[in-house]
1. Under 21 Å Cα to Cα from LYS83, which lysines show up? Leave out anything in the same chain fewer than 8 places away.
2. Rounded to the nearest 0.05, what FRET efficiency do ALA7 and ASP86 have when you use their Cβ-Cβ distance and R0 = 35 Å?
3. By a straight-distance test (C-alpha under 18 Å), which aspartates and glutamates pair with LYS134 as possible cross-link partners, with residues fewer than eight away in the same chain excluded?
4. Taking R0 as 25 Å, what FRET efficiency do you get between HIS37 and GLN65 from their Cβ-Cβ distance, rounded to the nearest 0.05?
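Computed from the coordinates by the stated procedures, all read-outs in this text should not be read as laboratory data. For clarity, every value in this text was computed on a predicted model and none was experimentally measured. Quick reminder, even Gly has a Cβ in these numbers, built from the backbone with ideal geometry, and neighbours come from all protein chains shown.
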Amino acid sequence: MNFLEGATVHDPLEYVKQVCFESSAYYPIYYYISASHLNLVDVIKELDKTITTNPAKDRLIGALQETAPTCDSSSKKGNPNSKTRDKMVDQIKAATFTLPKDAAGLKLFLKAVRTMPKSDLNLAIVNPLKTIFKITMVKVDLG
């Protein structure tokens, strides 16, 4: 939510380091890296000092060094899911999308946003992302 609301955090580098202990690499790390006022080389040096056996650390460092793949295997052309996702990307670009209400639709929306080129992203997706985040947090809180 800090990222989605543009909030200032006390120690942004700690947010980046935390990714080394998580099961997913899909966090707004560049937001926190930018807030840390460190360059990528210095961030990588700090991550190297982080002690963990979790493979997320190596994936994160690889991504920062631009050696990691940028998208998952489900984004291959011709896959029925990729056609649906590409249609949603077009709707997001045209600001004609309706935020899905089911888990599968929300997941597809997030994949569409994740695969969009930076030049196509705009603030119109921030409120839907906040909504998805809040829905997800409520489900997690409820168990």
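1. Reachable lysines: LYS93, LYS101, LYS107, LYS111, LYS118.
2. Approximately 0.60, to the nearest 0.05.
3. Qualifying aspartates and glutamates at Cα under 18 Å: GLU5, ASP102.
4. Rounded to the nearest 0.05, the efficiency is 0.80.
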